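Okay, so here's the structure we're looking at.
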Amino acid sequence: MAPVDPHSFTDSSHPFATHISLSLYFDFASSAINASALLTLPTPYSGPIFLDARSLSITSIVDPKTLIPLPFSLSPIPDPIKGQNLTVSLSNQSSFLISFCTSPSSSALQWLSPPQTFNKTLPFVYTQCQSIHARSVFPCQDTPAARICYSARINVPRQLSAVMSARHVERRAPLSGEAAMACDDALWCAEGRVVEEFVMEQPIPPYLFAFAVGEIGCREVGPRTRVYAELVPEVLDAAAREFAGTEEMIRQGEKLFGPYEWERFDLLVLPPSFPYGGMENPRMVFLTPTVIKGDASGAQVVAHELAHSWTGNLITNKSNEDFWLNEGFTTYAERRIVEVVQGEERAVLNIGIGWRGLNEDVERFKDNMEFTKLKTKQEGVDPDDIYSQIPYEKGFQFLWRIERQIGRAAFDEFIKKYIATFKFQSIDTETFLNFLKANIPAIEKEIDLNVWTEGTGIPPDAIEPVSNIYTKIVSLANEFKFGMMPREDEVADWHGQEWELYLENLPKSVEASQVEALDARYRLAESKDYEVKVAFLQLAISSGCREYYSEVEKTLKEVGRMKYLRPLYTALVQGSGKEEAKILAKRVFVEARDCYHPIAQGVVESILSKHL
Ligand code: BES
Ligand code: ZN
């Protein structure tokens, strides 16, 4: 008996389920799903099996052939991070059927009432399962070490449609007898309901399970790509324009990393409360609407989520302790794609923004250096609490270091071989290092692999990028200390990313009058680009400029992306003695809380509780 993952009750001595068949009846009136899950094991098994569950009420567990109830128990006190251990006792079954119901507070699910949607007439619900929230949608061995295939029957009101990170089979009338104990047959087949069927034939880690239900429309943008969003013609058109270059990126990805294995690459633009920039759900990436800026910069986020199709979705971290294998590789792969489609200058700028982020997060964790390592120990740690740029940017730097050592041609060949070797597997850092040493002889003599993967902070052989634009922006930012601001002609061709880099390189707090002067000239607080706006507002708060509080409040109420919530709430509560800012943070959170995804609610709560 041994746990396989610090974030899961899954036990190494139990068989892993290989298939899950879900029947989901969506009850928007009570923000809950009446559901059943048929879990299939590779062979018949007798004995206990541990599953992860959170905020689920389990109605029954039966042998699907005989319908005889199987004994089960739910650990009475939920672990604050893992949730509850659902133990099922099997006697020679190879499958078992669990009937259960989700709760309105399920951490993966955000239920939007009609007024919270764009069209204001119909409800919307969507998932965010990474890192450990799939267990709040259905009981499972919620560890990326266990890969599953699945099928799903989604029963929704007929005004709505469903999308999933899976192949859509059909939309049809509900059939009597197929509810599979999710709910009564009468409810399942009631007037006005439809069923959407999906299958996922490729084995995925549970965190890649995803759906959205709402009034959803779509536009074609390429031979294997459609963009989906709430049915608002302007939003769909803008998204279709923004993502027109997607097919070209997929082709470049295939050249660099091998065949695209997931058949379709669709995009779903979510409501503004979506807590991330993007989520790499297979076959259908989920995106925040804040990436649609009308200047094709959303392509970078798409490049990142697309890159996960190889690094993360094909080769998956075995547990969150190896998270850098997902995000570091993907950041590297993303920049290789960006370099081809947007040019080297853009890629270098991204590396520069990343370098800044890495330095900042190493500083943020100065009292908790464990989380500045690539391979981290996460027993008793909530992955949402330690989310940072470190696995992304230190991971990127590690791979870039290896590339510099062996040359790009050799590194490209290595990556292709790595992907082909481990595809559809979940691996750890040691497996990667062994493969590296086996394929690049004597690499450990040139690069201190131990310092990179086990060491804290930034290794001495990590480097800041060099390019004309990058270096110029950083030096302009340094001049700000001496009261100098960039001239109009110097910023004439700056886009969002140039401003972002500039603002992030300014001192953390400056004279209030300087902040005001900068804004008077360049109108940064009103930028439509949230990266720019938030970087500016963060500086304004830290510099004690109260006149921006109303803009801060507005921003915190219109978006739920944690990349923006974290720095703004932190800036508000961090400064000692700024009572007014703390009161503002508390009030805005009380008022905006219901509009945030549960994961974002938790993260903001933990920021406020640390400082108030
Ligand atoms: N997989 C991540 C998002 C994530 C990480 C969700 C951890 C939950 C837990 C995704 O691929 C990502 O990195 N998104 C970035 C995009 C950016 C790097 C272009 C984001 O959301 O900001
Ligand atoms: Zn990512």
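Among 379, 370, 393, 446, which is the only one that is acidic (Asp, Glu) and over 24 Å from the mean Cα position of the chain (by Cα)?
Result: 446 is the single residue among 379, 370, 393, 446 that is acidic (Asp, Glu) and over 24 Å from the mean Cα position of the chain (by Cα).
Among the listed residues 411, 424, 398, identify the single one that is among the aromatic types (Phe, Trp, Tyr) and either on the phi > 0 side of the Ramachandran plot or not assigned by the TED database to the domain that holds residue 353 (or both).
424
Looking at this structure, is residue 135 within 14 Å of residue 599 (Cα to Cα) and of a type in the set (Lys, Arg)?
yes
Which of (1) buried (at least 16 other Cβ atoms within 10 Å of the Cβ); (2) out of contact with any Leu (no Cβ under 8 Å at 6 or more places or on another chain); (3) not assigned by the TED database to the domain that holds residue 594 does residue 472 not meet, given it meets every other one?
(1)
List the residue pairs whose Cβ atoms are under 7 Å apart, where the first residue sits in region 110-131 and is among the hydroxyl-bearing types (Ser, Thr, Tyr), the second is surrounded by fewer than 16 Cβ atoms within 10 Å (Cβ to Cβ), and the two are 6 or more positions apart or on different chains.
If the second residue must be surrounded by fewer than 16 Cβ atoms within 10 Å (Cβ to Cβ), the pairs left are 121/114.
Looking at (1) more than 20 Å from residue 335 (Cβ to Cβ); (2) open to solvent by less than 20 Å² (accessible area, probe 1.4 Å), find the lone condition where residue 447 falls short.
Result: residue 447 fails condition (1) only.
Which one of the conditions (1) under 24 Å from the mean Cα position of the chain (by Cα); (2) more than 16 Å from ligand 1 (Cβ to nearest atom); (3) open to solvent by less than 60 Å² (accessible area, probe 1.4 Å) does residue 529 fail to meet, given that it meets all the rest?
If we test residue 529 against (1) under 24 Å from the mean Cα position of the chain (by Cα); (2) more than 16 Å from ligand 1 (Cβ to nearest atom); (3) open to solvent by less than 60 Å² (accessible area, probe 1.4 Å), just (2) comes out false.
Quick check on my filter: what residues within region 483-504 are open to solvent by 30 Å² or more (accessible area, probe 1.4 Å) and within 17 Å of residue 472 (Cβ to Cβ)?
484, 485, 487, 488, 489, 490, 492, 493, 494, 495, 504
Could you list, in sequence order, all residues of region 288-305 that are among the hydrophobic types (A, V, I, L, M, F, W, C) and either assigned by the TED database to the domain that holds residue 424 or more than 12 Å from ligand 2 (Cβ to nearest atom) (or both)?
Scanning region 288-305 gives 291, 292, 296, 299.
In region 210-236, what residues are in contact with a strand residue (DSSP E or B) (Cβ under 7 Å, 6 or more places away or on another chain), farther than 26 Å from residue 197 by Cα and free of Cβ contacts under 8 Å to residues at least 40 places away in the same chain?
If the condition is that a residue be in contact with a strand residue (DSSP E or B) (Cβ under 7 Å, 6 or more places away or on another chain), farther than 26 Å from residue 197 by Cα and free of Cβ contacts under 8 Å to residues at least 40 places away in the same chain, then no residue fits.
Would you confirm, using the coordinates I've provided, whether residue 388 is crowded, with 22+ Cβ neighbours inside 10 Å and within 14 Å of the chain's Cα centre (by Cα)?
It is false that residue 388 is crowded, with 22+ Cβ neighbours inside 10 Å and within 14 Å of the chain's Cα centre (by Cα).
Being free of Cβ contacts under 8 Å to residues at least 40 places away in the same chain and touching a Ser or Thr at 6+ places or on another chain (Cβ under 9 Å) is the requirement here; does residue 72 meet it?
Against the criterion (free of Cβ contacts under 8 Å to residues at least 40 places away in the same chain and touching a Ser or Thr at 6+ places or on another chain (Cβ under 9 Å)), residue 72 qualifies.
Which residues, taken from region 478-501, are farther than 25 Å from residue 291 by Cα and among the small types (Gly, Ala, Ser)?
Of everything in region 478-501, just one residue is farther than 25 Å from residue 291 by Cα and among the small types (Gly, Ala, Ser), namely 483.
I need the full set of residues from region 71-99 which are more than 23 Å from residue 4 (Cβ to Cβ) and of a type outside the set (Gly, Ala, Ser), in order please.
71, 76, 92, 97 - these are the residues of region 71-99 that are more than 23 Å from residue 4 (Cβ to Cβ) and of a type outside the set (Gly, Ala, Ser).
Please identify the pairs in which a residue from region 251-277 that is farther than 16 Å from residue 211 by Cα has its Cβ atom under 8 Å from the Cβ atom of a residue that is surrounded by 17 or more Cβ atoms within 10 Å (Cβ to Cβ) and among the aromatic types (Phe, Trp, Tyr), counting only partners at least 6 apart or on another chain.
From residues that are farther than 16 Å from residue 211 by Cα, the pairs are 253/260; 253/310; 254/260; 257/310; 258/310.
Within 15 Å of ligand 1 (Cβ to nearest atom) and outside any loop (DSSP other than H, G, I, E, B) - does that describe any residue in region 251-262?
The answer is yes; a qualifying residue exists.
What is the residue count in region 232-280 for residues that are among the hydrophobic types (A, V, I, L, M, F, W, C), within 30 Å of residue 408 (Cβ to Cβ), out of contact with any Leu (no Cβ under 7 Å at 6 or more places or on another chain) and within 16 Å of ligand 2 (Cβ to nearest atom)?
3
Those residues that are crowded, with 17+ Cβ neighbours inside 10 Å and either of a type in the set (Gly, Ala, Ser) or under 24 Å from residue 94 (Cα atoms) (or both), I need them from region 20-33; list them, please.
Once the filter is applied, which keeps residues that are crowded, with 17+ Cβ neighbours inside 10 Å and either of a type in the set (Gly, Ala, Ser) or under 24 Å from residue 94 (Cα atoms) (or both), region 20-33 yields 20, 21, 22, 23, 24, 31, 32.
How about region 483-572: which helices (runs of 4 or more DSSP H) wholly inside it have at least 1 residues that are more than 25 Å from residue 346 (Cβ to Cβ) and in contact with a helix residue (DSSP H, G or I) (Cβ under 7 Å, 6 or more places away or on another chain)?
Result: 512-522, 530-542, 549-558.
Applying the selection to region 154-179, what residues are touching a helix residue (DSSP H, G or I) at 6+ places or on another chain (Cβ under 9 Å) and open to solvent by 40 Å² or more (accessible area, probe 1.4 Å)?
Correct list: 175, 176, 177.
The values are calculated or read from the model by the stated rules, or taken from the named source; none is laboratory data. Bear in mind the structure is a predicted one, so any value in this text is a computation, not a measurement. Backbone-built Cβ (ideal geometry, glycine too); neighbour counts: all protein chains shown. Keep in mind that these areas ignore ligands, DNA and RNA; they rest on the heavy atoms of the full protein, side chains included. Shrake-Rupley method; radii C 1.70, N 1.55, O 1.52, S 1.80 Å.
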